[in-house]
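The values are calculated or read from the model by the stated rules, or taken from the named source; none is laboratory data. Note that the structure is predicted; figures quoted are calculated from it, not measured. FYI the Cβ positions are ideal-geometry reconstructions off the backbone, even for glycines, and counts take in every protein chain you see.
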Amino acid sequence: MKKLAIIGGGSWGTALAIVLSRNARPISLWIYEQDICEQVRKGRENEVFLPGFRVPDKVCPTNDPAEALADAETVLTVVPSHYCRPLYNQMLPLLRPEMKFVSATKGLETESLLRMSEVIRQVVGQRFQPRLAVLSGPTFAREIAAGEPAAVVIASDDLELARDLQRQFSGPSFRLYTNSDVAGVEYGASLKNVIAIGAGVCHGLGLGSNTMAALITRGLAEISRLARALGGRQETLAGLAGMGDLVLTCTGALSRNRQVGIELARGRSLADIVSSMRMVAEGIKTTTAAVDLARRASVEMPIIEQMKAMLFEGKPPRDAVRELMERSLKSE
C-alpha cells in the first residue's frame, strides 16, 4: 500500500498514526519539535502529547517535511489552525498533483475567517487544484489510540475521493461515514469547541444537568444557524460532526476546551490558563472568528457572544449566565 504522511505529531496526529497503522500501510509522522521526534523514534512513545501508547514500528517519525512527504499518496494534516497556512506554504514545493489531501484540524483561520479546507485550497491552488477531504467527528485521542470503537465523517465534494479514503482509513475500531457537506462538517467541528468552553464554565460554577442540557441544545441551534447561513446543511449538524462532536466535547473529561471553561469559572485569567497548557484549545481563537462570522452573516449567536465577553473582556461567568437567562422571551 502507498504511504500516508501525517503532518502533525500532537495527541490527535499520534493517535491517528496508531489507529491507521493497523491498516498495514507505511506511515510517516512529521513532528515539529525535534526533541519529541527523537524521543518517539527511540522510545516509540509520544511522552509529551500521548503518553502510555506505543507508536508502531511501521510509523516513521521525522522532523523533515521532505522526508515525510516523499512518495506519499495521501497527506493528512493535524496541526493547530493558526499553523495551517504557514505550514502549507512551507510544504508547497514538495506537494504533487496526484496527492490526496485530508484536513483533520478543527478550527478557523482567525484573520481570514476561512475554514481549513479553504486555506489549503488557497495555498495549494497556487500550483494545482488539490483533491481534498476533511476528517471530523467525536474523538478523543487517547480513546482512539486505545482502540476503542469510534465513528467519524470523511467529507468531500469529490465523492470518489471520500469513498476511497473511507475504504483506506476504516478498520475494526475506526468507522468512517462519507459526507458531501464540507462546510457543515468544518463549521460543526470548529464551533462546538466554543460551546464546550461554555460547558466547562457551567461545570466549574457547579451548575447541574438541566443547565448542561440547555447549553448543548441551544448551542447546537446557534451552530446550525451559522453553518446554514454559510452553506452547510442542517442534517450534517444533527450527525457525527455536529451533535456527536458537540456532546463529546461538552461532557467529556478529556476535552481541553471544556477544561478552559472550568478554569475560567474558578477565577483564573485566560492568559494564565493558556500559559499552563502544552496543547492548543482551538475554541479560544475560534470564539472571535465565530463572532465575526455571525456578524458578517447577520446571525444571532448569544451564547458565543457571551463566551467572547468572558474570554476577552473579563466578564464574570455568573453575569454571562444571568444575561443569557434574562434575554427577551421568544419561540424555539
Please work out which one of (1) in a helix (DSSP H, G or I); (2) closer than 25 Å to G147 by Cα; (3) touching a Leu at 6+ places or on another chain (Cβ under 6 Å); (4) not aromatic (F, W, Y) is the condition P61 fails and give its number.
(1)
Give the number of residues within the range 280-304 that are surrounded by 13 or more Cβ atoms within 10 Å (Cβ to Cβ) and without any contact (Cβ under 8 Å) to a residue 24 or more places away in the chain.
1
Against the definition (out of contact with any Lys or Arg (no Cβ under 9 Å at 6 or more places or on another chain), outside the structural domain of A289 (by TED's automatic domain parsing) and within 25 Å of M243 (Cα to Cα)), how does A146 come out, yes or no?
yes
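Specify which of the listed residues (M277, M307) is over 30 Å from G231 (Cα atoms), hydrophobic (A, V, I, L, M, F, W, C) and touching a residue at least 12 places away in the same chain (Cβ under 8 Å). Walk me through it before giving the result.
Details: M307 fails: over 30 Å from G231 (Cα atoms).
From the options M277, M307, the qualifying one is M277.
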Sole exception among (1) surrounded by 23 or more Cβ atoms within 10 Å (Cβ to Cβ); (2) of a type outside the set (F, W, Y); (3) more than 19 Å from A150 (Cβ to Cβ) for H82, by number
(1)
Look through the range 222-266, keep the residues that are within 16 Å of the chain's Cα centre (by Cα), hydrophobic (A, V, I, L, M, F, W, C) and surrounded by fewer than 18 Cβ atoms within 10 Å (Cβ to Cβ), and return whichever of them is farthest from V153 (Cα to Cα).
L254
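Is it true that N210 is in a helix (DSSP H, G or I), in contact with a Gly (Cβ under 6 Å, 6 or more places away or on another chain) and of a type outside the set (A, V, I, L, M, F, W, C)? Walk me through it before giving the result.
Numbers: in a helix (DSSP H, G or I): yes; in contact with a Gly (Cβ under 6 Å, 6 or more places away or on another chain): no; of a type outside the set (A, V, I, L, M, F, W, C): yes.
So N210 does not fit the description; no.
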Out of the residues in the range 224-246 meeting the condition of being touching a Gly at 6+ places or on another chain (Cβ under 7 Å) and of a type outside the set (G, A, S), tell me which one is farthest from E300 (Cα to Cα).
L240
Among the numbered criteria (1) over 20 Å from E263 (Cβ atoms); (2) modelled with pLDDT of 95 or more; (3) among the aliphatic types (A, V, I, L, M), which one does L329 miss?
(2)
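If only one of P65, P56, P93, P130 is touching a Lys or Arg at 6+ places or on another chain (Cβ under 8 Å), farther than 30 Å from L226 by Cα, without any contact (Cβ under 8 Å) to a residue 60 or more places away in the chain and not assigned by TED's automatic domain parsing to the domain that holds G188, which one is it?
It is P56.
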Do we find that A253 is over 16 Å from V182 (Cα atoms) and outside any helix (DSSP H, G or I) in this structure?
yes
